[in-house]
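Peer 1: Below is a structure I'd like to ask you about.
The values are calculated or read from the model by the stated rules, or taken from the named source; none is laboratory data. Computed from a prediction, not measured in an experiment: that's the story for all the values here. All Cβ positions, even for glycine, are placed from backbone atoms using ideal geometry, and neighbour counts span all protein chains on display.
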Amino acid sequence: MSSNYEELRSAVTADGGLHVVTMGVLRDIQGAGRLGSRVLDTISGQLESHGMGHIPKELPGNQDSPVRIYLLGTPIADIVDAVHNPSLKGDAILRGAGDSEARAQLRQIREIVGA
């Protein structure tokens, strides 16, 4: 289990750029007692400042809820952004994810984000 954001980033990298943790783990990394709206915003900002993004887009307030953490600036991040923010550029990214492995990853990401 990760005890800080650097260790979490290492775990995400080791897991191929997409790693699942619970909100309880993120809460503990942040050193917070409860998952209120300010803590959720702080966690989101800390993840971003350490080069990571999260799915779902809005972090849940339940400590048992799973969250997918991914590295920003990667193909996974490009696909997540293309799904969350439809655009012509995003359409091209999604079309480019045409091999069978990429299609499976895209299908999984769409299921995760509910698109």
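Peer 1: Identify the single condition in (1) touching a residue at least 40 places away in the same chain (Cβ under 8 Å); (2) farther than 14 Å from H19 by Cα that S44 does not satisfy, given that it satisfies every other one.
Peer 2: Unmet for S44, out of (1) touching a residue at least 40 places away in the same chain (Cβ under 8 Å); (2) farther than 14 Å from H19 by Cα: (1).
Peer 1: Considering only region 26-40, state which residues are farther than 23 Å from T74 by Cα and either part of a helix (DSSP H, G or I) or aromatic (F, W, Y) (or both).
Peer 2: Answer for region 26-40, where residues must be farther than 23 Å from T74 by Cα and either part of a helix (DSSP H, G or I) or aromatic (F, W, Y) (or both): R27, D28, I29, Q30, S37, R38, V39, L40.
Peer 1: Inspect all residues belonging to region 27-37 and state whether any of them is touching a helix residue (DSSP H, G or I) at 6+ places or on another chain (Cβ under 9 Å) and under 19 Å from V83 (Cβ atoms).
Peer 2: no
Peer 1: May I pose another question? Six or more apart or on different chains, Cβ atoms under 7 Å: show the pairs whose first residue is in region 2-16 and over 19 Å from G31 (Cα atoms) and not assigned by TED's automatic domain parsing to the domain that holds E48 and whose second is of a type in the set (S, T, Y) and assigned to a loop (DSSP other than H, G, I, E, B).
Peer 2: none
Peer 1: Take region 75-90 and flag every residue that is exposed (fewer than 14 other Cβ atoms within 10 Å of the Cβ) and either at pLDDT 95 or above or not in a loop (DSSP other than H, G, I, E, B) (or both).
Peer 2: Those that are exposed (fewer than 14 other Cβ atoms within 10 Å of the Cβ) and either at pLDDT 95 or above or not in a loop (DSSP other than H, G, I, E, B) (or both): L88, K89.
Peer 1: Would you be able to say whether some residue in region 51-74 is assigned to a helix (DSSP H, G or I) and either under 20 Å from Q108 (Cβ atoms) or out of contact with any helix residue (DSSP H, G or I) (no Cβ under 7 Å at 6 or more places or on another chain) (or both)?
Peer 2: no
Peer 1: Could I ask something else about it? Say we look at region 3-36 and pick out the residues that are of a type in the set (S, T, Y) and at pLDDT 95 or above; which of these is nearest to L59 (Cα to Cα)?
Peer 2: Looking at the filtered set, the residue picked out is T22.
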